[in-house]
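A quick write-up on the structure given underneath.
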Amino acid sequence: MAEEKLTPQAENFSEWYNQIVQKADLADYAPVRGCMVVKPYGWALWENIQAALDRRFKATGHVNAAFPMLIPMSFLEKEKEHVEGFSPELAVVTHGGGEKLEEPLVVRPTSETIIGYMYSKWVKSYRDLPILINQWGSVVRWEMRTRLFLRTAEFYWQEGHTVHATSDEAMAETRLMLDTYRDFAVEDGAVPVIPGRKSESEKFAGAVSSWTIEGMMRDTRALQSGTSHYFGQNFARAFDIKFLDQNNELQFAYTTSWGLSTRFVGAIIMTHGDDQGLMLPPRLAPIQVVIVPIYRDDAEHSLVMPVVERLQKELGESFRVHVDLRDGLTPGFKFNDWEMRGVPLRIEVGPKDVEKHSVALARRDRPGKAGKSFVPQEGLAQTVGETLKEIQAALLARAIAFRDEHIFAVRSYADLTDAVQKGWALAWWCGSPECEAKVKEDTKATTRCIPLDQESGDGLCVVCGKPAREKIYFARAY
RNA sequence: CGGGGUGUGGCUCAGUUGGCAGAGCACCGCGUUUGGGACGCGGGGGUCGGCGGUUCAAGUCCGCCCACCCCGACCA
């Protein structure tokens, strides 16, 4: 049950986040450092995220499978950049059945290697391609500093791994999945992410190019919310994934991978939450409508409950509905409690409502009395459906407005350093890692992505002044 | 691994010159309450991070160790 008062965002955003995760009953700290326990309410949110993504994966021809959690150490060493990228954060199993193992096994930090190995056995002919497999699971990365959902030692995610006959096809897949993530984030999460390409220094270990959706949190910091990688033939060469083409010539295949994790829960929390608590987008909320019965005594109880039960049944046909039957708590407490948990819509049913054939309808996105209205019980399902749609749209509109207010198109280095203190900077960039490094050194801001959506043209690099062909976002990131 | 800090009930913490381990919240019971975070009474719960030392006596003083948090380097 939620305790009173949350630290305000403006006072300490980080503290606000830590408190909300626990007070909204999403997750708890596990006994192992950096690991989290996802509690039922948090997991229900993740399940809705999974369902929304899985539906899109299936619709684009992908299938699910499961690969093992343990990977021979030697596999990681087959791709040079990959092992360099991951070796510092590997958890390694050295013993099994009471004996020291011949070869240590790593707990997967990601599955390119084990899946690549299997694909090399499965792929013989162009007729075997493409392979479009996704897996839902968890991975382990021994991170130095952890935060619930944002960076935990073990996290849950999906990782798609595909194999293609041509680079064009593999690149199209990479871009298709990036767009799938964008569509999911915007339409279901109401998180207005910006899709784009990572710079060389920010890309995934072993990738030819990495693509990302970047979201702006309410403290204006950026959160990488999903990634899609094009590997070219790098992993195919490392794992010997070859096929005979139509001309009977042996070719290395082209591979991709793409992932979105429980970090997205953090994105939802930090995109929509306010000082009252969580604010969940209706399409993903585990509970879309909570009904709070209000009564003083047994007489009022028996007056109110039949109406509550009828509404629960009617609304339950179309929406995820919960009735708060907890005894001994005042309505006021329950209102605050459900606001903390981010339930989009609350219905109050008391004796006065029974008499007037109405209910009180309270919107989470308009806290307090402002969001409360009295509507007829007649046609309530339709009212609820329309209101949930309005809330979903309102959350997105609010997040877009916040994002756009905090993006600054900058032309000078002074403007850049100023902008990244209060939001994101969008600027011409020549493409050199030295210019990125200087900004990071001076401001702690990193390049987030080269947005897909930018007008063609050229300008001068905001750092060094040399000619630049692309604009890039600089921001402080999680 | 560098710099700083903290370890006392489930949580947040108090604990004076060393002298019977406490409060608030949470939890359990009973009663009164209930349309924006109710109240009264009663109750359960702690090897004071660990080991060793000083002392008649250690949460408190000393030594060593461990864990966690914050700031850096690394990261979905």
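Net length available on complete extension from residue A:305 to residue A:250 is 12.6 nm, with 0.36 nm assigned per residue and the Cα-Cα distance removed. The charge dipole of region A:407-475, taken about its Cα centre with unit charges on the Cβ atoms of Lys, Arg (+1), Asp and Glu (-1) only, comes to about 100 debye.
Accessible area per residue for chain A is 45 Å², calculated with a 1.4 Å probe on protein heavy atoms, without ligands, DNA or RNA. Overall dimensions of chain A, expressed as equivalent-ellipsoid semi-axes from the Cα gyration tensor (√(5λ), whole Å, largest first), are 44, 28, 22. Relative to the longest principal axis of the Cα atoms of chain A, helix A:13-23 runs at roughly 60 degrees. Helix A:433-443 and the longest principal axis of the C-alpha atoms of chain A enclose an angle of approximately 40°. With the highest mean first, a sort of the peptides A:194-206, A:99-111 on other beta-carbon atoms found within 10 angstrom per residue produces A:194-206, A:99-111. Between residue A:242 and residue A:356, the C-beta separation translates, for a Förster distance of 60 Å, into a calculated FRET efficiency of about 0.20.
Distance between the 7 Å Cα→Cβ label points at residue A:80 and residue A:166: 3.0 nm. For region A:64-91, backbone nitrogen atoms closer than 12 Å to the point 7 Å from residue A:102 Cα along Cα-to-C-beta are found at no residue. Stretching residue A:22 away from residue A:414 to a fully extended chain increases their span by 137.1 nm, per 0.36 nm per residue minus the current alpha-carbon distance. When you filter the chymotrypsin sites (Phe, Trp or Tyr not before Pro) in region A:1-54 for DSSP loop state and at most 11 other Cβ atoms inside 10 Å of their Cβ, nothing is left. Working from Cα pairs under 8 Å separated by at least six residues, relative contact order for chain A is 14 percent.
Taking a Cβ cut-off of under 11 Å around residue A:20, the surrounding Lys, Arg, Asp and Glu residues balance to a net charge of -2, with basic ones at +1 and acidic ones at -1.
Taking trypsin sites (Lys or Arg not before Pro) across region A:432-463, the ones in a DSSP loop with at most 12 further Cβ atoms lying within 10 angstrom of their Cβ are A:444. Helix A:263-272 versus the longest principal axis of chain A: what angle, 0 to 90°, nearest 10, using Cα atoms? Compared with the principal axis, the helix lies near 50 degrees. Once Rg and the Kirkwood radius are both taken over the C-alpha atoms of region A:289-384, their ratio Rg/Rh works out to 0.92. Counted by Cβ distance under 12 Å from residue A:459, the other residues give a net charge of +1, where Lys and Arg count +1 and Asp and Glu count -1. Cross-link partners for residue A:389 among the lysines, with Cα-Cα distance under 23 Å and sequence neighbours closer than 8 places in the same chain left out: A:313, A:369, A:372. Label zone (residue A:390, point 7 Å along Cα-to-C-beta; backbone nitrogen cut-off 20 Å) within region A:256-287: A:279-285. Extents of region A:407-475, largest first, come to 28, 22, 18 Å (Cα atoms, principal axes, whole angstrom). Among the lysines, which have Cα under 22 Å from the Cα of residue A:444 when same-chain residues fewer than 8 positions away are ignored? Cα-Cα hits under 22 Å: A:198, A:203, A:422, A:471.
Taking label positions 7 Å along the Cα-Cβ direction at both residue A:47 and residue A:313, the computed distance is 2.4 nm, reported to one decimal. Cα centroids of region A:70-116 and region A:414-478: 36 Å apart. Among the protein heavy atoms of chain A, carbon and sulfur supply 51% of the accessible surface, probe 1.4 Å, non-protein parts ignored.
Placing a label point 7 Å from the Cα of residue A:406 along the Cα-to-Cβ line, the residues of region A:1-44 whose backbone N sits under 15 Å from it are A:9-17.
The values are calculated or read from the model by the stated rules, or taken from the named source; none is laboratory data. Computed from a predicted model, the values in this text were never measured in an experiment. We place every Cβ from the backbone using ideal geometry, glycine too, and count neighbours over all the protein chains shown. The accessibility values were calculated without ligands, DNA or RNA, using every heavy atom of the protein model including side chains. Shrake-Rupley method; radii C 1.70, N 1.55, O 1.52, S 1.80 Å.
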